[in-house]
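The structure appears below as structure tokens.
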Amino acid sequence: MQIYTVHTKLQSPFLALEKEKMERTTFLREGFCWTAMLFTVLWACWHRMWRHGAMLAAGLLLLNLVVEAMGVVAPTRVLVILGALFVVGFEGNNWRREELEKKKYVLTTVVAAENRDTAIFRYLKNIAEDTPNDNQSTVA
């Protein structure tokens, strides 16, 4: 079972049509992000995190230059770079959450599901249960 955080972009309430609301909703999985580890700079640019992408490129280049200047043997150099990439993998989704907050997204809810599609289904099901139907009449 995986945990997903659901983030929705704030907008004027009178513009909140259901289709537009779902287009402004993002699901982020908790935990390690393999794509952030394997494709660091490309991953950051794909998610429009330009500042993070530039910092990752500069940081990895600087780390490589420092380790090389210290005269560290190749196997140890590889371990140091892999360690840095693992840090990126562990922090990747947290960085995305920070960027979403800057773009006026708010944490809507947390959903537990087997995969992303099931998380979306459960989220939509909970929204449908929370909204009253037009056919229901209120008793005074």
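The values are calculated or read from the model by the stated rules, or taken from the named source; none is laboratory data. Note that this is a predicted model, so its numbers are computed, not measured. Counting neighbours? That spans all protein chains shown, and the Cβs are built from the backbone with ideal geometry, glycine included.
With respect to the stated conditions, LEU38 is under 17 Å from the mean Cα position of the chain (by Cα) and surrounded by fewer than 13 Cβ atoms within 10 Å (Cβ to Cβ). Residues that are in a helix (DSSP H, G or I), of a type outside the set (A, V, I, L, M, F, W, C) and closer than 30 Å to GLU101 by Cβ within the stretch 40-86 comprise THR40, ARG51, HIS52, GLY53, GLY59, GLY83, listed in sequence order.
Within the stretch 56-96, being in contact (Cβ under 8 Å) with a residue 60 or more places away in the chain and basic (Lys, Arg) holds for one residue alone: ARG96.
Within the stretch 87-103, restricting attention to residues that are in a helix (DSSP H, G or I), among the basic types (Lys, Arg) and farther than 30 Å from VAL67 by Cα, the residue that is modelled with the lowest pLDDT is LYS102. Of all residues in the stretch 60-103, those that are of a type outside the set (Val, Ile, Thr), more than 22 Å from ARG29 (Cα to Cα) and surrounded by 14 or more Cβ atoms within 10 Å (Cβ to Cβ) total 4.
Would you point out the residue of the stretch 104-123, among those that are charged (D, E, K, R) and outside any helix (DSSP H, G or I), that is surrounded by the most Cβ atoms within 10 Å (Cβ to Cβ)?
Filtering the stretch 104-123 for residues charged (D, E, K, R) gives 104, 114, 116-117, 122.
Still in the running and outside any helix (DSSP H, G or I): 104, 114.
Working: LYS104: 11, GLU114: 9.
Checked the stretch 104-123; the qualifying residue surrounded by the most Cβ atoms within 10 Å (Cβ to Cβ) is LYS104.
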